[in-house]
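Notes follow once the structure below has been shown.
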Amino acid sequence: MFSHNLTLSLRRVSSQAKRGVTRGSTRSFSSINEEEFDNFNRYDKWWKDSPEMRPLHAYNKLRVEFMREYLIQDNDGVVTPDFFNNLKALDVGSGGGILSESLGRLGCQTLGIDPTPMSIKVAKEHLCNDLELVEKVKYKQTTIEELVEDEEHQNKYDFAASMEVIEHVNNQAEFVKNIAKAVKPNGLIFLSTLAKTTESWLLSIKLAEDLLGFVPRGTHNWDKYVNPEVLHEMVENAGFRVLKTQGAMYEPITNQMIYWPCTNVNYMMVGKKLY
Amino acid sequence: MINLGTRKWNRASLRTCRSYSTYSDITVVGNDTAGIATIAALLKTELFQPSKSHKRITLVHKAPFPSSSDYNNSDIQKIPDQDTPQYFSRQNPITTINFSTLQFLHSLGALDKMNHKLITPYKKLFVNEMFGKSYVSFNDQLIDQDFISQFKQRVYNETLSSHDYNYFGKNSLGASVERNHIQSILYDMVRDDEKCEVIQQEIKTIRPGKDESTSTIELQDGRIIKTKLIIGNDGENSYVREAHDIESTSHPYGQQCITRTLIHERSLEGCYQRFLPTGPIALMPLWGNYSQLVWSASDELAEELISIPDEAFFGEVNRKFYEGSKYDFGRYSEILPNFWPRDNYEMPPLVVNSNEASQFRPRAYDLKSQSAIHHADTRVALIGDAAMKLHPITAHGFNLNITSAAILANEIIKQARCGGDIGNYPFCLKNYAHLSKLNELQARALVEAFKKGFQDTFFGNEKVGKALSFVRNIGLDILEVNPMLKYDLAFISAGCINHPLKYQWTEEL
């Protein structure tokens, strides 16, 4: 009975949230995909040590390593003790806050945004476990298009990251352009997603979701995957110069994500804003 | 009434004043060398910068550390030329360190701070046994012997390992050094670093953190440390292990280890080890004519050896090394000696008795095997004797602990550079726990194989024991004439398989 009530109330909350997000703005589009929204709004196991979350946590290690490398490289390879403390980061589609917390621990002042109330709730609850992080990391339940409407957030962030998010949104090109608005001139953008290839269909949907259950079933929609060339174009159209496209691969035996020479499945991209 | 009330209030306020709490990312508890080495490695990185209110690494220890000034005073500088009995009479444990450990210390910059005259590298190792005439000798020319070994060396050096193995003289097999020497240097490095706080206090309680929160350590003076990761470095009766409910198994080997500094008629060429029915006996070279004896013997024999006069003790040691094979292989004994020529085996120089020699007293301690079921758990990692304790037969213990320290430091640095939670088990400490346990199990298997394999009886069966010793002799012969196999063995015993190939703290950003 209780759980039934809870589900009902959650549904109400989520529908309100969706209305709240879409209503009252003059935007002509929304990056929210209704189906994905409902899917993620039900998901609260971001921080559980379950087989289905392991690849994401493993990937998080690699992507932070990648981001760190390019942030340092962008600073001419110099790391002063408070280099990261002076950086402002934006995590678009923060989910349960896995990436936001990592960036916070590195020292960056991080803002994590996500449209789903459930993800923000999980992220805020988990953040309270580390009292030092509370000062570093903030969460906001919003979309990127709503965020950049506020002038305060335009041209504000040293870098923005949207890792494993773009394959879950509508209007992908507009989504990247909106992220670009939040980044400072000469700031960096980090994106990661899956390529639309046969290999990615086999590995990420057939093998990881259906056969082995590494990833919760229904997480991915192959039609929404983006090929590196397409993303490259999107990023360049948004005013960035692409510095690197790096492939990655999950290695289940030692539960590690490793750099991979080709970008047929998972890949990350880093771009530098020109103006 | 009012007075009473005030007094109560005063006491309460005093108590709260005394129990202030601090925060630290990593807290190392205890005196073992491995934990100190882990901190020293962590301090080499750009990470763990202290904040305004606290330092990020804390070392809590109760017993004082040895002082490094003992090893740098002018008397000891002269040791190779002039013998200084004061030094040896301290009777500190001497340990054999392999190449990986040397490399590790070098990467920390500790090797450069040590007194090199007190580190004795050895280039030869002779192993034989009492039941037969076969032997194996390792020496520094081993690698120059044939092209296959040379090729292997190149392959190993270039593909497997980025370390420079020629740091301590070409192709040295290892070195013998006083354990406190290493410890004192590492402790100095930790103490002098401003990123680390050192507290000499006893621990009152530890409250392990649940999954996501911090652990709490309360000290005797009421101070409270909140920490993300506790490293249990507090020896075999570890309180950290107990507080985290990590089970440990232990069993006595039923043997005692006798150590004593000996003086020989001339200096030793290398290490000598001989397998006796009662256990192995080994001589490790020290500077000059000195050597360190490590003799594993049964309880009764050990007691007897401790109590007999010096003359008899030295005689016994000489006899154990020089006594010929008393084993009769029947008609096979005629075949065996002719298998391969055995003329290049070197006997250790004789132990001589003198007034100086009798200043060093023999010491005996119980040999015990101990092992923690897990080497890590959420917010805790065990290292050093708290995690494992092994038989000295293969000289593994200390080197394995240093290897564990290298693995743990690597994992923590990797996790911290990715902004992860360093106390997290599944994504950080699990790797350490698995690798460290694997190394322990390997070493344990080797110890058992040596212990069971080199006895005169096999599980109480004399005939099988005899057959086994025959097989063993042939095995040793094959090994002796086969530099390829020997190179592999030397490679394994240098710790090159277990030790991490890359150190995170020496990596350039």
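The values are calculated or read from the model by the stated rules, or taken from the named source; none is laboratory data. Remember, predicted model here, so these are calculated numbers, not experimental data. Don't worry about glycine lacking a Cβ; one is built from the backbone with ideal geometry, like all the others, and counts go over all protein chains shown. In case anyone asks, the SASA skips ligands and DNA or RNA and just uses the protein heavy atoms, side chains included. Shrake-Rupley method; radii C 1.70, N 1.55, O 1.52, S 1.80 Å.
A few comments on the model shown:
- Filter pass, B:VAL380 being under 23 Å from B:PHE491 (Cα atoms), open to solvent by less than 40 Å² (accessible area, probe 1.4 Å), away from every other protein chain (no Cβ under 14 Å) and not charged (D, E, K, R): no
- Residue selected from segment B:235-253 under the condition in contact with a helix residue (DSSP H, G or I) (Cβ under 7 Å, 6 or more places away or on another chain) and open to solvent by 40 Å² or more (accessible area, probe 1.4 Å), by the criterion nearest to B:ALA409 (Cα to Cα): B:GLU236
- Matching residues, segment B:195-237, being of a type in the set (Gly, Ala, Ser), in contact with a Gly (Cβ under 9 Å, 6 or more places away or on another chain) and within 14 Å of chain A (Cβ to nearest Cβ): B:GLY209, B:SER215
- Of all the criteria given as (1) in contact (Cβ under 8 Å) with a residue 40 or more places away in the chain; (2) crowded, with 24+ Cβ neighbours inside 10 Å, the one not satisfied by A:GLY112 is (1).
- The listed residue being in contact with a strand residue (DSSP E or B) (Cβ under 8 Å, 6 or more places away or on another chain) and within 14 Å of chain A (Cβ to nearest Cβ), out of B:ILE402, B:ILE422: B:ILE422
- In the set (1) under 18 Å from the mean Cα position of the chain (by Cα); (2) open to solvent by less than 50 Å² (accessible area, probe 1.4 Å); (3) at pLDDT below 90; (4) over 25 Å from A:GLU174 (Cβ atoms), the condition left unmet by A:ILE32 is number (4).
- Selection status of A:LYS184, open to solvent by 20 Å² or more (accessible area, probe 1.4 Å) and not in a loop (DSSP other than H, G, I, E, B): yes
- Flag for A:ALA173 being open to solvent by 30 Å² or more (accessible area, probe 1.4 Å), small (Gly, Ala, Ser), touching a residue at least 40 places away in the same chain (Cβ under 8 Å) and closer than 18 Å to A:MET268 by Cα: yes
- All positions within segment B:268-290 that are of a type in the set (S, T, N, Q) and modelled with pLDDT of 85 or more: B:GLN273
- The set of residues in segment A:83-100 that are without any contact (Cβ under 8 Å) to a residue 40 or more places away in the chain and open to solvent by less than 50 Å² (accessible area, probe 1.4 Å) comprises A:PHE83, A:PHE84, A:SER100.
- Selection of strands (runs of 3 or more DSSP E) fully inside segment A:83-172 by the criterion of at least 2 residues being within 14 Å of another protein chain (Cβ to nearest Cβ) returns A:88-92, A:109-114, A:157-163.
- One residue from B:LEU441, B:LEU435 being away from chain A (no Cβ under 13 Å), open to solvent by 50 Å² or more (accessible area, probe 1.4 Å) and modelled with pLDDT of 90 or more: B:LEU441
- Strands (runs of 3 or more DSSP E) enclosed by segment B:240-330 - at least 1 residues per element that are of a type in the set (Ser, Thr, Tyr): B:248-263, B:271-276, B:290-298
- Scanning segment A:212-242 for residues that are in a helix (DSSP H, G or I) and more than 23 Å from A:GLU35 (Cβ to Cβ) yields A:PRO228, A:GLU229, A:HIS232, A:GLU233, A:VAL235, A:GLU236, A:ASN237.
- Within segment A:45-60, the residues that satisfy the criterion of being facing another protein chain (nearest Cβ under 9 Å) and open to solvent by 50 Å² or more (accessible area, probe 1.4 Å) are A:TRP47, A:ASP49, A:ARG54.
- Listed by first and then second residue, the pairs linking a residue in segment B:36-60 that is more than 17 Å from B:ILE199 (Cα to Cα) to a residue that is of a type in the set (Phe, Trp, Tyr), with Cβ atoms under 7 Å apart and 6 or more places separating them unless they lie on different chains, are B:ALA41/B:TRP505; B:LEU42/B:PHE48; B:LYS44/B:TRP505; B:THR45/B:TRP505.
- Among the residues listed as B:LEU429, B:LEU408, the single one being within 14 Å of chain A (Cβ to nearest Cβ) and within 26 Å of the chain's Cα centre (by Cα): B:LEU429
- Filtered by the rule that a residue be more than 9 Å from chain B (Cβ to nearest Cβ), over 21 Å from A:HIS153 (Cβ atoms) and open to solvent by less than 20 Å² (accessible area, probe 1.4 Å), segment A:61-82 gives a lone residue, A:PHE66.
- Qualifying positions in segment B:481-495 - charged (D, E, K, R) and open to solvent by 30 Å² or more (accessible area, probe 1.4 Å): B:ASP488
- B:LYS414 vs. criteria touching a Gly at 6+ places or on another chain (Cβ under 9 Å), at negative phi, open to solvent by 10 Å² or more (accessible area, probe 1.4 Å) and in contact (Cβ under 8 Å) with a residue 40 or more places away in the chain: yes
- Within segment A:225-275, being in contact (Cβ under 8 Å) with a residue 40 or more places away in the chain, among the polar types (S, T, N, Q) and open to solvent by 50 Å² or more (accessible area, probe 1.4 Å) holds for A:ASN237, A:GLN256, A:ASN264.
- Selection count where residues are hydrophobic (A, V, I, L, M, F, W, C) and more than 20 Å from A:VAL242 (Cβ to Cβ), scope segment A:65-101: 7
- Residue in segment B:447-460 that is in contact with a helix residue (DSSP H, G or I) (Cβ under 9 Å, 6 or more places away or on another chain), away from chain A (no Cβ under 14 Å) and modelled with pLDDT of 90 or more present: no
- Of the criteria (1) crowded, with 22+ Cβ neighbours inside 10 Å; (2) within 24 Å of the chain's Cα centre (by Cα); (3) part of a strand (DSSP E or B); (4) modelled with pLDDT of 90 or more, which one B:ILE206 fails: (2)
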